[in-house]
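The values are calculated or read from the model by the stated rules, or taken from the named source; none is laboratory data. Please read these numbers as outputs of a predicted model, since none were measured by experiment. Cβ coordinates were reconstructed from backbone atoms using ideal geometry, including for glycine residues, and neighbour counts include every protein chain displayed. What goes into the accessible areas is simple: the full protein's heavy atoms, side chains included, and nothing from ligands, DNA or RNA. Shrake-Rupley method; radii C 1.70, N 1.55, O 1.52, S 1.80 Å.
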Amino acid sequence: MPVLALIVFLPLLAALGVLAVPRRYRVVHRLVPLIATFVVAVLSVFVFQQFEPEGGGYQFVTVIPGLGAAGLGIEARFGLDGLNVGLVLMGALVAFAAACASWEIREREKEYSILLLVMTGGILGAFTALDLFFFYFFHELALVPTFLMIGIWGRGDQRSYATFKITLYLSLGALIALIGLIALYAAAGAGSFGFAEVEAALRDQPISETTQHWIFGLLLLGFGI
């Protein structure tokens, strides 16, 4: 399996594995996230070292057949450039550190492990996706566990209030970002959600400066929230 596919999908597969393990096997629930995130961190270090800054364009490009929708221009394509290669390394190392720190969890370890692994897969998928649809999908996949983790395992008397606020904020941000991405797709007229196709379409037929400002503002506000 290509290395980027392992980096993105190993945490998600590990989450399914934890889901299938009975609740009484608490040690397994703790070990699986630790091992999975460690492997992902090692692979991230590997791709970071193998990345060629002078190469230009996207490297380690991986296409997962069967996940996209060719008729809609959606393709499960992943890759690394000079910006996100560092983000992937950072995300993988933070995920491993979070798995190490999660040993202090003493209740609902199974659910916590599943949510942590899903969040990790979502973060790494968003950093590597080369398709607008999957970029947004993985971005939201990383956010969903946040609500539950803060509400269940958060500390302090205000954790329910904090969960309510972050749910409102992130839902609003997700909606604004979605509008911006749809506007970008429509303005490009590429017939595909792929980054390369959208970029090529915009080079051939640039959109107006006013439209650019509106789209950029929506994306900046949505993802900024």
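Checking the stated criteria, PRO65 turns out not to satisfy the condition of being in a loop (DSSP other than H, G, I, E, B) and either within 20 Å of VAL118 (Cα to Cα) or open to solvent by less than 30 Å² (accessible area, probe 1.4 Å) (or both). Here ARG106 meets each of (1) open to solvent by less than 60 Å² (accessible area, probe 1.4 Å); (2) within 23 Å of ARG23 (Cα to Cα) with one exception, condition (1).
Filter segment 68-80 down to residues that are assigned to a loop (DSSP other than H, G, I, E, B) and over 16 Å from the mean Cα position of the chain (by Cα) and give me whichever is farthest from LEU132 (Cα to Cα). Among those that are assigned to a loop (DSSP other than H, G, I, E, B) and over 16 Å from the mean Cα position of the chain (by Cα), it is GLY68.
One line per residue, one yes/no per condition, for (1) more than 27 Å from LEU170 (Cα to Cα); (2) modelled with pLDDT of 85 or more:
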position: ALA183; (1), (2): no, yes
position: SER192; (1), (2): no, no
position: SER208; (1), (2): yes, yes
position: GLN212; (1), (2): no, yes
position: LEU221; (1), (2): no, yes
position: ILE225; (1), (2): no, no
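Pairing each residue of segment 3-32 that is without any contact (Cβ under 8 Å) to a residue 12 or more places away in the chain with any residue that is surrounded by fewer than 22 Cβ atoms within 10 Å (Cβ to Cβ) and of a type in the set (Val, Ile, Thr), provided the two are 6+ apart or on different chains, yields C-beta distances under 6 Å for VAL28/VAL21.
From the list GLY189, GLY224, GLY194, which residue is touching a residue at least 24 places away in the same chain (Cβ under 8 Å), surrounded by fewer than 14 Cβ atoms within 10 Å (Cβ to Cβ) and closer than 25 Å to ASP81 by Cα? The match here is GLY224. Selection over segment 68-96 of residues that are among the aliphatic types (A, V, I, L, M) and touching an Asp or Glu at 6+ places or on another chain (Cβ under 8 Å) gives a count of 2. In segment 145-163, is there at least one residue being at pLDDT 85 or above and surrounded by 16 or more Cβ atoms within 10 Å (Cβ to Cβ)? Yes. Of all residues in segment 35-60, those being open to solvent by 40 Å² or more (accessible area, probe 1.4 Å), in contact (Cβ under 8 Å) with a residue 24 or more places away in the chain and closer than 27 Å to TRP103 by Cα number 4. From the list ILE166, ILE207, ILE176, ILE150, the one residue that fits, being within 15 Å of PHE223 (Cα to Cα) and free of Cβ contacts under 8 Å to residues at least 24 places away in the same chain, is ILE166. Candidates THR146, THR163, THR128: the one that is of a type outside the set (A, V, I, L, M, F, W, C) and farther than 20 Å from ILE105 by Cα is THR128.
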